[in-house]
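Peer 1: Sharing a structure with you now.
The values are calculated or read from the model by the stated rules, or taken from the named source; none is laboratory data. Keep in mind that this is a model prediction, so the values were computed, not measured. Using ideal geometry, Cβ is built from the backbone for each residue, glycine included, and neighbour counts are taken over all protein chains shown.
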Amino acid sequence: MIFQLFATALLGGAAALVLLRGFSWRFLKIGLLTILLLAIYFIWRPDDLTAVANVIGIGRGADLVGYVSTLVLLLFILSNMIHERKVERQLTEIARYLAIRDARRPGDPGPK
């Protein structure tokens, strides 16, 4: 019961942050709130999670949580890799622009 109270408080705080933070996509905000509320529900009703797992062919609710967590983590890593590539390209474009803009001919004096 102590864990359930602690986890509920932690997830409730996370839900409050989601509500207070301005997301550019309303879908993301609704999705995060839904996941947090489902997590709170299944913390208090773990047998219901096992029932859901059984319906989709997984033996235990804990296994379902592990599988879903692994998939979400992999999607998060992939998303971050794609975002990092985009930022690297943008940084390269900015560096090229500045190099061309500030280029000097050989022998020209530098800025004072």
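Peer 1: Considering only residues of segment 29-44 that are at pLDDT below 95 and not hydrophobic (A, V, I, L, M, F, W, C), which is nearest to residue 72 (Cα to Cα)?
Peer 2: So the residue we want is 31.
Peer 1: Is it the case, given these coordinates, that residue 85 is surrounded by 11 or more Cβ atoms within 10 Å (Cβ to Cβ), of a type in the set (Lys, Arg) and more than 14 Å from the chain's Cα centre (by Cα)?
Peer 2: Here the answer is no, as residue 85 does not meet what is asked.
Peer 1: Which numbered condition in (1) within 17 Å of the chain's Cα centre (by Cα); (2) touching a residue at least 40 places away in the same chain (Cβ under 8 Å) is the only one that residue 44 fails?
Peer 2: Going through (1) within 17 Å of the chain's Cα centre (by Cα); (2) touching a residue at least 40 places away in the same chain (Cβ under 8 Å) one by one, residue 44 breaks only (1).
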